[in-house]
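S.K.: Please read through the structure below; I'll follow up with questions.
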Amino acid sequence: MAQDFLSQEEVDALLKGVTGEADEQPEAPEEAGGVRTYNLATQERIVRGRMPTLNLVQAKPLRGTGLFVLDPNLVFLVVDNLFGGDGRFHTRVEGRDFTPTEQRIIQGLLAVIFAEYEKAWRPVFQLTFEYMRSEMNTQFANIATPSEIVVTFTVNLEFNGAAAAMYICLPYTMIEPIRETLSSAMQSDHVTSDKRWINLLATQVQGAEVELAANLGSASITLRQILAMTVGDVVPVTIDDFALALVGDTPVMECRYGVQNGQYALRVERFVAQTDTTSGVTAH
């Protein structure tokens, strides 16, 4: 009787059946330009440039963790200036972590940033910022849930014509305990700013040139009389003892009129207060 032997493919199939391995089907090649499904809730990102340094900080006595993000261009720009560069040559480094020297410089840069940021907060609330750690992967730098509100702002820096950015991100839950303090501080600062602005505006306006006009007399006449006038007609004019001097349409002073040194002139008798202008003082 002839002996039947198993082929190699049958042996492989038998072994896979014993071990429980499933047959791997080759993936069908994707069509060029085809539509693919994408989940917008995923945190997958395609990063083609250098990842920034994500620095997690604490703002004591507030609870929570904030984020100070330094753009890599800012780090390389500071390193270049510290070592005598002038910013003409831009460093382009991708796919590597910061060197120990660069990390030390980042620590020093953060110390300066913390000192100035604490100084900015001091009129509102006493804060002390402490460095926790740095991350390069955004998954390890989560300071808030996806549904939580955060407060962010950008600081643009410039060195010798080269620009870079720094970003500060604070969760709303961190600053919520001092929300009332922030609101009251903003209102008081708004009043102070208005007074300072008013004083500055008043100083600048004092140097502006204005036209001062005084109406010495007036007459009432109809349009028919004006159309019937000819050269040589006389119009009777009522002249008051005082002339009201105006700047634009605003009366500012009462004057007597006359001649001084061969020129018509006005002599100030009384300044018109604001209450007089609102009570119906008009020019004649």
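The values are calculated or read from the model by the stated rules, or taken from the named source; none is laboratory data. None of these values were measured; they are calculated from a predicted model. A quick note on method: Cβ atoms are made from the backbone with ideal geometry, for glycine too, and the neighbour counts reach across all protein chains shown.
S.K.: Can you pull out the residues in segment 220-234 that are under 30 Å from ALA265 (Cβ atoms) and surrounded by 10 or more Cβ atoms within 10 Å (Cβ to Cβ)?
M.R.: Matches in segment 220-234: ILE221 only.
S.K.: Looking at segment 119-151, which of its residues are touching a strand residue (DSSP E or B) at 6+ places or on another chain (Cβ under 6 Å) and free of Cβ contacts under 8 Å to residues at least 24 places away in the same chain?
M.R.: The one that is touching a strand residue (DSSP E or B) at 6+ places or on another chain (Cβ under 6 Å) and free of Cβ contacts under 8 Å to residues at least 24 places away in the same chain: VAL150.
S.K.: From the list GLU116, GLU102, which residue is closer than 12 Å to THR53 by Cα and not in a loop (DSSP other than H, G, I, E, B)?
M.R.: GLU102
S.K.: Find the strands (runs of 3 or more DSSP E) located wholly in segment 149-256 whose residues include 2 or more that are among the aromatic types (Phe, Trp, Tyr), in the same structural domain as GLN58 (by TED's automatic domain parsing) and within 30 Å of LEU54 (Cα to Cα), and list them.
M.R.: By residue number, 150-159.
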